[in-house]
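Okay, so here's the structure we're looking at.
Every number in this text was worked out from the coordinates using simple rules, so none of it is lab data. Treat the numbers as computed from the prediction; the structure is a model and nothing was measured. Heads up, the Cβs are rebuilt from the backbone with ideal geometry, glycines too, and the neighbour counts pull from every protein chain shown.
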Amino acid sequence: MWKPEHRVAADRRGLRYPSDLTDAEWALIEPLIPPARRGGRRRSVNVRAVLDAIFYVLWTGCQWQALPKDLPPKSTAHSYFILLDREG
């Protein structure tokens, strides 16, 4: 049964897209993101934005090429999708 506190937690108004992560969801996911590899270049992408792009594709069922322009490039989002899928 839906209670008022459940409705508040499930409210997606105010987000850019309904598939975007809320701050509370990001706080749960952030510790699970693997750190950047040692050596080489520093991570230059916003991982939260990349996850928003991945969730957009999963939520809408659109093709990677159909990602909106305000999300990271399709190649970046797809690469992270494959990487996170392989690492579990």
- Query: How many residues does the range 3-27 hold that are within 16 Å of ILE54 (Cβ to Cβ) and out of contact with any Phe, Trp or Tyr (no Cβ under 9 Å at 6 or more places or on another chain)?
  - Reply: 5
- Of those in the range 50-71 that are crowded, with 16+ Cβ neighbours inside 10 Å, of a type outside the set (Asp, Glu) and in a helix (DSSP H, G or I), the residue nearest to the chain's Cα centre (by Cα) is LEU51
- Message: When the residues of the range 22-49 are narrowed to those that are of a type in the set (A, V, I, L, M) and within 22 Å of ARG86 (Cα to Cα), which ends up nearest to the chain's Cα centre (by Cα)?
- Response: ALA49
- Note on the structure: Taking first residues from the range 28-52 that are more than 22 Å from PRO68 (Cβ to Cβ) and second residues anywhere that are surrounded by 10 or more Cβ atoms within 10 Å (Cβ to Cβ) and not basic (Lys, Arg), the pairs with Cβ under 9 Å that are 6 or more apart or on different chains are GLU30/VAL47; ILE33/VAL47; ILE33/LEU51; ILE33/LEU84; PRO34/LEU83; PRO34/LEU84; ARG42/ALA36; ARG43/ALA36
- Message: Considering only the range 11-18, I want to know if a residue exists there that is charged (D, E, K, R), loosely packed, with under 10 Cβ neighbours inside 10 Å and assigned to a loop (DSSP other than H, G, I, E, B).
- Response: yes
- Taking only pairs six or more apart or across chains, which ones have beta-carbon atoms under 8 Å, a first residue in the range 63-76 that is charged (D, E, K, R), and a second residue that is assigned to a loop (DSSP other than H, G, I, E, B) and surrounded by 15 or more Cβ atoms within 10 Å (Cβ to Cβ)? LYS74/LEU67
